[in-house]
Amino acid sequence: MAKSDDCMHILQGLLVFGNVVIGMCGIALTAECIYVVSNPHGAYPLLKATESSGIYAAAWIGIFVGLALFALSILGIIGVIKASRTLLLVYIILMLITFAFEMASSITAATNQDSLTPNVFLKQMLERYQKSEPNNNSDNEVTKTWDELMRQNHCCGVNGPSDWQNYTSAFRSTHSDADYPWPRACCVLDAKGLPVNLNGCKLGVSGYYNSNGCYDAMSGPVNAHAWGVAWFGFAILCWTFCVLLGTMFYWSGIEY
């Protein structure tokens with residue numbers, strides 16, 4: 001009998017520790033997801049326009065899941081210490097619901113990471129950058145975001161300046177190839193935001209225009225965010241699953 005009590009006390013201690021870890025992970029998950037939502041490296045309008053903004057949906061879910069995990073970890077600790085069947089039953093039910101939401105968040109982030117191919121951004125850029133008659137404010141946001149992206153990262157187009165030459169685009173329909181072989185944002189700019197040498201930029205002279213594409217500048221931060229939200233979420237799920245199993249076993253051993 002004493003041996004059985006000792007085992008239950010050990011399990012009780014492990015469950016308290018497990019819930020402390022869940023609470024800390026919940027805070028970390030919330031902080032990470034807040035960072036993703038509030039600091040999207042300027043790519044959110046582009047992702048929204050491509051209808052591939054699932055990473056931000058996953059992050060919003062992650063914020064509330066993280067807060068729920070922190071609150072439930074406190075409930076779990078109290079329930080384990082008091083050996084209360086009622087509290088633990090509520091804990092188990094709510095934790096299972098939270099578990100399902102976090103699984104949805106992680107899967108959404110992981111699957112959207114693989115959908116952000118260069119062709120997705122290329123199609124959007126060609127169709128909506130400097131569109132002569134914007135259908136809505138989203139088109140203006142796309143143009144503004146692309147300009148900022150190309151200036152800040154010293155890049156041009158998705159794959160490079162040749163995107164503006166090789167494909168039909170809304171930009172090309174309103175700008176002559178001689179004066180605007182590519183947008184002015186593709187030129188090397190001075191401190192005032194003006195082309196260092198406009199003619200050199202137009203002619204494609206090395207050093208006066210940005211020859212690199214912007215895909216890596218876009219996909220790098222977005223993929224890093226998706227990886228963080230997805231795989232940190234999966235790690236939390238694995239730990240929570242083990243704690244849930246232990247809690248169910250502990251709950252079944254509590255006398256009425």
Legend entry - Under Karplus coefficients 6.51, -1.76 and 1.60, residue-wise ³J(HN,Hα) of region 179-195 in Hz, glycine/proline x: 7, 9, x, 7, x, 4, 5, 7, 6, 6, 9, 8, 5, 8, x, 9, x
Inset, instruction - Do me a favour and compute the ellipsoid semi-axes for region 52-190 from its Cα gyration tensor, root of five times each eigenvalue, largest one first, whole Å. - result: 51, 13, 12
Inset, instruction - Taking all protein chains together and a probe of 1.4 Å, list T108, T247 from the most accessible to the least accessible. - result: T108, T247
Legend entry - Angle between the chain longest axis and helix 215-252 axis [Cα atoms, degrees, rounded to 10]: 10 degrees
Inset, instruction - Heavy atoms only, probe 1.4 angstrom, no DNA, RNA or ligands counted: give me I107, I77 ranked by accessible area, highest first. - result: I107, I77
Legend entry - Kirkwood Rh, Cα atoms: Rg over Rh of region 129-240: 1.13
Inset, instruction - Output the Kirkwood hydrodynamic radius of the chain, Cα pairs only, in Å rounded to one decimal. - result: 21.2 Å
Inset, instruction - Using a 1.4 angstrom probe, figure out how much accessible area the chain has per residue, in square angstrom, rounded to the nearest whole. - result: 51 Å²
Legend entry - Heavy-atom SASA rank of H175, H154 (probe 1.4 Å, accessible area, largest first): H154, H175
Legend entry - Vicinal HN-Hα couplings computed from phi for region 84-97 (Karplus, 6.51 cos²θ - 1.76 cosθ + 1.60; Hz; Gly/Pro x): 9, 5, 5, 4, 5, 5, 4, 4, 5, 5, 5, 5, 5, 5
Legend entry - Crossing angle, helix 54-82 versus the chain [Cα axis fit, 0-90 degrees, rounded to tens]: 20 degrees
Inset, instruction - Quote the accessible area belonging to S211 in square angstrom, nearest 10, computed with a 1.4 Å probe and with ligands, DNA and RNA left uncounted. - result: 70 Å²
Legend entry - Label-point separation in nm, T86 to Y180, each point 7 Å along Cα→Cβ: 7.0 nm
Legend entry - Partnerless cysteines, meaning none of the other Cys C-beta atoms lie under 4.7 Å away, in the chain: C7, C25, C33, C238, C242
Inset, instruction - For region 14-26, take each phi angle, set θ = phi - 60°, evaluate the Karplus expression 6.51 cos²θ - 1.76 cosθ + 1.60, and give the result in whole Hz per residue in order, putting x for glycine and proline. - result: 5, 5, 4, 4, x, 6, 4, 5, 4, x, 5, 5, x
Legend entry - Helix-only [θ]222 nm of the chain, DSSP H runs n ≥ 4, -39500 (n - 2.57) each, per residue, nearest 500: -24500 deg cm²/dmol
Inset, instruction - Would you work out what percent of the accessible area of the chain, with all protein chains in place, is carbon or sulfur (probe 1.4 Å)? - result: 63 percent
Legend entry - Sequence-distant residues sharing a close amide H with C156 (under 5 Å, placed H): N212, G213, C214
Inset, instruction - Assuming R0 = 25 Å, can you tell me the calculated FRET efficiency for the pair T117 and A28, based on Cβ-Cβ distance, to the nearest 0.05? - result: 0.25
Inset, instruction - Express in Å², to the nearest 10, the accessible area of W239 obtained by rolling a 1.4 Å probe over the protein heavy atoms while all chains stay in place. - result: 100 Å²
Legend entry - Interchain or long-range residues, amide H under 5 Å from Y209's placed H: V188
Inset, instruction - Treat each spin label as a single point 7 Å out from the Cα along the C-beta direction, and report the A71 to A224 distance in nm. - result: 3.2 nm
Legend entry - Environment charge of L88, counting only residues whose C-beta is closer than 14 Å and scoring Lys/Arg +1, Asp/Glu -1: +1
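The values are calculated or read from the model by the stated rules, or taken from the named source; none is laboratory data. Computed from a predicted model, the values in this text were never measured in an experiment. So basically every Cβ, Gly included, is an ideal-geometry build from the backbone, and we count neighbours across all protein chains shown. These accessible areas exclude ligands, DNA and RNA; they are computed on the full protein's heavy atoms, side chains included. Shrake-Rupley method; radii C 1.70, N 1.55, O 1.52, S 1.80 Å.
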